[in-house]
Amino acid sequence: MGELSHKAERAAFGFAIDKTLQYMNKDPENRDKALLKLVDLSENFMGDVYQKESYDGARALIQDHDAKWTKYFHRLLEELDPHVIKMTALDLGFEAAFHGTKMIRQKRREHRCNIPWLILLDPTSACNLHCTGCWAAEYGHKLNLSFEDLDSIITQGKELGIYFYMYTGGEPLVRKADIIRLCEKHNDCAFHAFTNGTLVDEAFCQEMKRVGNLSLSLSLEGFEDANDSRRGEGIFEKVLAAMDLLKAHGQIFGTSICYTRYNLETVTSDEFLDLIIEKGCRFTWYFHYMPVGNEAAVELMPTREQREYMYHRVREIRGNEGGKPIFAMDFQNDGEFVGGCIAGGRNYCHINANGDMEPCVFIHYSSANIHDVSLLDALKQPLFMAYRDGQPFNDNHLRPCPMLENPELLQEMVTKTVAHSTDLQSPESVEHLCGKCREYANEWKVCAEKLWEEHPRQMPGYQNYKYENED
Ligand code: SF4
């Protein structure tokens with residue numbers, strides 16, 4: 001698409017969003033019309049890139065005012081800051097999901113390598129907290145990507161169609177001034193930060209409101225006792241106070257939760273979910289504990305029964321009927337919606353504070369550093385090409401990971417491509433890492449095969465990776 005027609009399309013989307021917001025409270029019928037117009041625009045623009053059923057589903061939902069997710073969506077429109085809604089729809093919707101997706105697919109064919117939809121960046125390895133067992137600490141506490149480094153990654157990324165950037169660390173808000181500068185400079189991109197929440201204050205909320213293209217995930221591990229025993233005294237209260245501020249400012253935020261053998265039932269309980277919903281969380285990310293690092297506590301890994309419980313519980317929470325009005329995502333059990341492992345640049349990759357480009361935030365091996373090579377060349381590094389060749393790593397998308405559920409595959413890829421450990425504190429051999437996953441992988445396999453057998457694999461919206469990647 002030429003620059004002019006891109007601008008015209010963005011303006012048309014912006015106009016439809018303004019209309020929706022204008023009709024929001026006074027005229028529900030016109031509001032529905034404006035929302036339907038947005039769906040029509042999306043469908044016309046995307047052609048057959050997304051399945052027709054997805055658009056029809058969205059149209060049906062808009063007109064079903066009693067449906068749980070319609071009510072959820074209306075609450076977003078009523079409660080969020082209008083500028084935040086508009087920027088999110090334009091940057092995450094129009095630029096990343098529509099324009100970016102089209103461009104990425106073309107670039108993948110052109111360069112014959114994986115081009116991700118989003119990049120996860122560590123602006124710093126520094127953190128203001130010292131949580132027990134935090135993997136971020138593995139990198140050491142003195143590394144930073146400069147503003148110029150981050151700016152260069154984003155600038156190069158946009159040339160490949162990448163319009164969504166997430167930050168983790170370390171604590172990314174240690175660099176909040178630079179994060180806001182990047183939101184301003186790249187106001188056609190959506191940004192998201194995984195944060196411990198303790199550096200969120202009134203001034204930062206004002207800045208988030210002004211730029212409109214930054215959302216947050218705040219880390220929690222359970223209620224006060226469980227949370228603070230690992231993260232430090234008083235942190236739970238600070239996170240809840242940050243949520244109150246963000247909610248008052250109409251910001252989009254949710255939680256980031258690492259589930260373990262010891263907190264899994266608590267963090268998925270009705271009581272816990274009711275609390276975070278009341279505090280204004282719109283979504284919750286669940287991350288399975290990964291035994292990464294020489295000092296990892298393998299005993300924290302969930303049992304087979306707990307993982308199966310998690311699989312069902314996440315689907316129950318976000319079900320159309322019942323459940324909870326919060327969008328729950330489980331990084332390990334939701335592979336079916338994205339065709340398995342998304343790492344190695346297939347849909348995402350991670351760049352640590354040293355500049356090493358890694359396949360995934362949990363896979364600390366690489367042979368490319370963005371200080372030495374371009375973003376595109378880093379995406380072509382041997383380990384990423386091995387990911388591309390191997391994906392999906394399993395036809396059963398409940399066993400997506402080349403480390404956790406198929407550890408022999410990561411070991412083979414890292415060995416073959418001679419990727420080195422990027423853990424600067426205590427480099428871990430791939431044999432050591434994968435050795436810790438073997439027993440878990442064997443146990444989970446039995447359960448995962450049973451679940452996959454019973455699974456309605458051809459659900460609407462499900463798209464197989466092979467289809468997308470056909471050259
Ligand atoms: S490498 Fe494992 S944890 Fe990372 S995206 Fe792939 S499946 Fe998920």
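Restricting attention to the stretch 306-318, which residues are in contact (Cβ under 8 Å) with a residue 60 or more places away in the chain and either surrounded by fewer than 20 Cβ atoms within 10 Å (Cβ to Cβ) or closer than 29 Å to Leu61 by Cα (or both)? Break it down into steps so the answer makes sense when it comes.
Going through the stretch 306-318, the residues in contact (Cβ under 8 Å) with a residue 60 or more places away in the chain turn out to be 307-308, 311.
Answer for the stretch 306-318, where residues must be in contact (Cβ under 8 Å) with a residue 60 or more places away in the chain and either surrounded by fewer than 20 Cβ atoms within 10 Å (Cβ to Cβ) or closer than 29 Å to Leu61 by Cα (or both): Glu308, Tyr311.
Given the criteria open to solvent by 20 Å² or more (accessible area, probe 1.4 Å), over 20 Å from the mean Cα position of the chain (by Cα) and within 13 Å of the ligand (Cβ to nearest atom), does Asn394 qualify?
Values: open to solvent by 20 Å² or more (accessible area, probe 1.4 Å): yes; over 20 Å from the mean Cα position of the chain (by Cα): yes; within 13 Å of the ligand (Cβ to nearest atom): yes.
Spelling it out, Asn394 is indeed open to solvent by 20 Å² or more (accessible area, probe 1.4 Å), over 20 Å from the mean Cα position of the chain (by Cα) and within 13 Å of the ligand (Cβ to nearest atom).
Considering (1) open to solvent by 10 Å² or more (accessible area, probe 1.4 Å); (2) more than 16 Å from the ligand (Cβ to nearest atom); (3) of a type in the set (Gly, Ala, Ser), say which one Ser256 fails and leave the rest.
It is condition (2) that Ser256 fails.
Please verify whether the stretch 436-452 includes one or more residues that are open to solvent by 90 Å² or more (accessible area, probe 1.4 Å) and modelled with pLDDT under 90.
no
What's the number of the condition Val338 fails, among (1) surrounded by fewer than 21 Cβ atoms within 10 Å (Cβ to Cβ); (2) away from the ligand (no atom under 12 Å from the Cβ)?
Val338 satisfies every listed condition except (2).
Name the residue, out of Phe191, Phe98, Phe164, that is modelled with pLDDT under 95 and crowded, with 17+ Cβ neighbours inside 10 Å.
Numbers: Phe191 fails: modelled with pLDDT under 95; Phe164 fails: modelled with pLDDT under 95.
The conditions single out Phe98.
Counting only residues that are in a strand (DSSP E or B) and of a type in the set (A, V, I, L, M), which one in the stretch 343-363 is farthest from Gln391 (Cα to Cα)? Explain how you work it out, then say what you get.
Of all residues in the stretch 343-363, those in a strand (DSSP E or B) come to 348-351, 356-358, 360, 363.
Retained after the next criterion (residues that are of a type in the set (A, V, I, L, M)): 351, 357, 363.
Numbers: Ile351: 20, Met357: 18, Ile363: 15 Å.
The extreme case among them is Ile351.
Here are the criteria: (1) under 23 Å from Ser125 (Cβ atoms); (2) among the hydrophobic types (A, V, I, L, M, F, W, C); (3) open to solvent by 80 Å² or more (accessible area, probe 1.4 Å); (4) assigned to a helix (DSSP H, G or I). Tell me which single one Leu424 does not satisfy.
(4)
Does at least one position in the stretch 294-302 carry a residue that is over 19 Å from Val446 (Cβ atoms), small (Gly, Ala, Ser) and modelled with pLDDT under 95?
Among the residues of the stretch 294-302, at least one is over 19 Å from Val446 (Cβ atoms), small (Gly, Ala, Ser) and modelled with pLDDT under 95, which makes the answer yes.
With the condition kept exactly as written, say whether any residue in the stretch 262-270 is within 23 Å of His192 (Cα to Cα), of a type outside the set (S, T, N, Q) and open to solvent by 20 Å² or more (accessible area, probe 1.4 Å).
Scanning the stretch 262-270, I find no residue that is within 23 Å of His192 (Cα to Cα), of a type outside the set (S, T, N, Q) and open to solvent by 20 Å² or more (accessible area, probe 1.4 Å), so the answer is no.
The values are calculated or read from the model by the stated rules, or taken from the named source; none is laboratory data. All figures in this text were calculated on a predicted structure; none of them were measured in a lab. Cβ atoms come from the backbone with ideal geometry, glycine included; neighbour counts cover every protein chain shown. What goes into the accessible areas is simple: the full protein's heavy atoms, side chains included, and nothing from ligands, DNA or RNA. Shrake-Rupley method; radii C 1.70, N 1.55, O 1.52, S 1.80 Å.
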